[in-house]
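Asker: First the structure, which I've put down as structure tokens, then a few questions once you've had a look.
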Amino acid sequence: MNFRTLSAQPLVEQMRNNLIERVNLLKSKGLTPRMGIVLVGDNPASLTYIKNKRKACELVGAQFELHQWNDQIGPEEFLANLEALKNNPDIHGIIIQLPVPEQLKHLDLTNLVSPEKDIDGFHGMNTQLLFKGCRELENLLPCTPKGIVRLLQHYNIAVEGKEVLVIGRSLIVGKPLSMLLSNYNATVTIAHSKTKDLIRYTKNADIVISAVGKVNLLTAKHFSPERKTTVIDVGINTLNGKLVGDVNFAEVSPLVANISPVPGGVGPMTVISLIENLVIACEKKIKG
Ligand code: NAP
């Protein structure tokens, strides 16, 4: 089967141009969107993610500041420092970069950032929008689900009435994504580590989205060409030093209609959605 690769690049460029215009408009009104990232310690993977976020900010003309705190910081000092950031009117979006050290893990991290500065979209007030049926992407919704919906829309892949299988049920991807797709009138099934006979579900879905983090979780045996499936690969794994997803692209691509690549698919959509959330947070400040 001739498959289509759902590359994020054209859409990211389109969204970036739109965001540049919006940032310029905000600047003309005296506001420059500014992202503050809290990093505790110096986890190398976190530093790489942060570098990407900084670059993405700069590309649209937004500002960025890193608050890197000692990995021995106690909960009280952490909370006091965070409070100062929350009260800083020049910072419009705050991210607490995960993971944090053991001594901070008991904190309710997703709800520590004020909802209006919660550009990750993890705060209970923002995730609740999804439970209320929100499908309006100009809200502070979680970035990966938002990016996936935009990618599907860009490639004219309808979700209404479709059978969608979401593999993974994390708070940052699987659960909010399932809810958002349900708000778009998809019929959503959620699979997880205890799901028996995953093949039965993958073979019967119109759209399969894998957010697990396991190399070769999905291979040729999971798909039938007649189903003309769309596959969205959220997974980020390394194999022999290379970045790969959960899906064996070489095996699966000839058997499906559409497939997102890793790298170059969901990853860039997540980053641009984060920048979009920063701009939205700043715009909401003007609207009040
Ligand atoms: P997570 O919190 O570890 O959740 C993984 C989920 O996969 C869990 O719900 C788990 O089930 C399920 N699972 C594990 N083994 C399975 C199996 N054999 N069959 C079916 N389900 C299985 O991970 P996450 O934070 O959601 O991230 C998932 C992947 O996406 C990771 O590779 C991560 O790096 C990547 N990611 C990518 C982006 C991006 O922008 N591209 C953004 C976020 C995350 P249980 O609930 O039963 O444990």
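The values are calculated or read from the model by the stated rules, or taken from the named source; none is laboratory data. Worth saying up front: this structure is predicted, and the values here are computed from it rather than measured. So basically every Cβ, Gly included, is an ideal-geometry build from the backbone, and we count neighbours across all protein chains shown. Accessible surface is based on the protein model in full, side chains and every heavy atom, while ligands, DNA and RNA are left aside. Shrake-Rupley method; radii C 1.70, N 1.55, O 1.52, S 1.80 Å.
Asker: When the residues of region 108-130 are filtered to those that are in contact with a His (Cβ under 8 Å, 6 or more places away or on another chain) and not in a loop (DSSP other than H, G, I, E, B), which remaining residue is farthest from Leu274 (Cα to Cα)?
Answerer: The qualifying residue farthest from Leu274 (Cα to Cα) is Asn111.
Asker: Sticking with this structure for a sec: Go through region 240-253 and give me each residue that's acidic (Asp, Glu) and open to solvent by 40 Å² or more (accessible area, probe 1.4 Å).
Answerer: Passing the criteria: only Glu251.
Asker: In addition: Anything in region 254-284 that is of a type in the set (A, V, I, L, M), crowded, with 20+ Cβ neighbours inside 10 Å and assigned to a loop (DSSP other than H, G, I, E, B)? List them, or say none.
Answerer: Once the filter is applied, which keeps residues that are of a type in the set (A, V, I, L, M), crowded, with 20+ Cβ neighbours inside 10 Å and assigned to a loop (DSSP other than H, G, I, E, B), region 254-284 yields Val256, Val262.
Asker: Taking region 197-253 as the search range and keeping residues that are in a strand (DSSP E or B) and in contact (Cβ under 8 Å) with a residue 60 or more places away in the chain, which one is farthest from Val266 (Cα to Cα)?
Answerer: Thr230
Asker: Sort out which residues of region 131-144 are within 16 Å of the ligand (Cβ to nearest atom), not in a loop (DSSP other than H, G, I, E, B) and not hydroxyl-bearing (Ser, Thr, Tyr), and write them in order of number.
Answerer: Cys143
Asker: For residues that are under 18 Å from the mean Cα position of the chain (by Cα) and under 23 Å from Ile199 (Cβ atoms), tally how many sit in region 224-246.
Answerer: Qualifying residue count, region 224-246: 9.
Asker: So Val60 fits all but one of (1) at pLDDT 95 or above; (2) open to solvent by 30 Å² or more (accessible area, probe 1.4 Å); (3) out of contact with any Asp or Glu (no Cβ under 8 Å at 6 or more places or on another chain); what number is the exception?
Answerer: If we test Val60 against (1) at pLDDT 95 or above; (2) open to solvent by 30 Å² or more (accessible area, probe 1.4 Å); (3) out of contact with any Asp or Glu (no Cβ under 8 Å at 6 or more places or on another chain), just (2) comes out false.
A quick yes/no check of all residues on (1) under 30 Å from Ala220 (Cα atoms); (2) open to solvent by 40 Å² or more (accessible area, probe 1.4 Å); (3) in contact (Cβ under 8 Å) with a residue 60 or more places away in the chain; (4) part of a helix (DSSP H, G or I):
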| site | (1), (2), (3), (4) |
| --- | --- |
| Ser7 | yes, no, yes, no |
| Arg16 | no, yes, yes, yes |
| Val23 | no, no, yes, yes |
| Lys27 | no, yes, no, yes |
| Lys53 | no, no, yes, yes |
| Ile73 | no, no, no, no |
| Leu79 | no, yes, no, yes |
| Glu83 | no, yes, no, yes |
| Ile91 | no, no, no, no |
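Asker: Could I ask something else about it? Can you name the residue in region 196-230 that is away from the ligand (no atom under 14 Å from the Cβ) and hydrophobic (A, V, I, L, M, F, W, C) and, of all such residues, is most open to solvent (accessible area, probe 1.4 Å)?
Answerer: If we take residues in region 196-230 being away from the ligand (no atom under 14 Å from the Cβ) and hydrophobic (A, V, I, L, M, F, W, C), then Ala220 is most open to solvent (accessible area, probe 1.4 Å).
Asker: Could I ask something else about it? Please determine, by comparing only the residues of region 168-195 that are more than 15 Å from the chain's Cα centre (by Cα) and near the ligand (Cβ under 9 Å from one of its atoms), which one is most open to solvent (accessible area, probe 1.4 Å).
Answerer: Lys194
Asker: Do the conditions hold for Asn237, that is, is it near the ligand (Cβ under 10 Å from one of its atoms) and surrounded by fewer than 21 Cβ atoms within 10 Å (Cβ to Cβ)?
Answerer: Considered against the rule, which asks whether it is near the ligand (Cβ under 10 Å from one of its atoms) and surrounded by fewer than 21 Cβ atoms within 10 Å (Cβ to Cβ), Asn237 comes out as yes.
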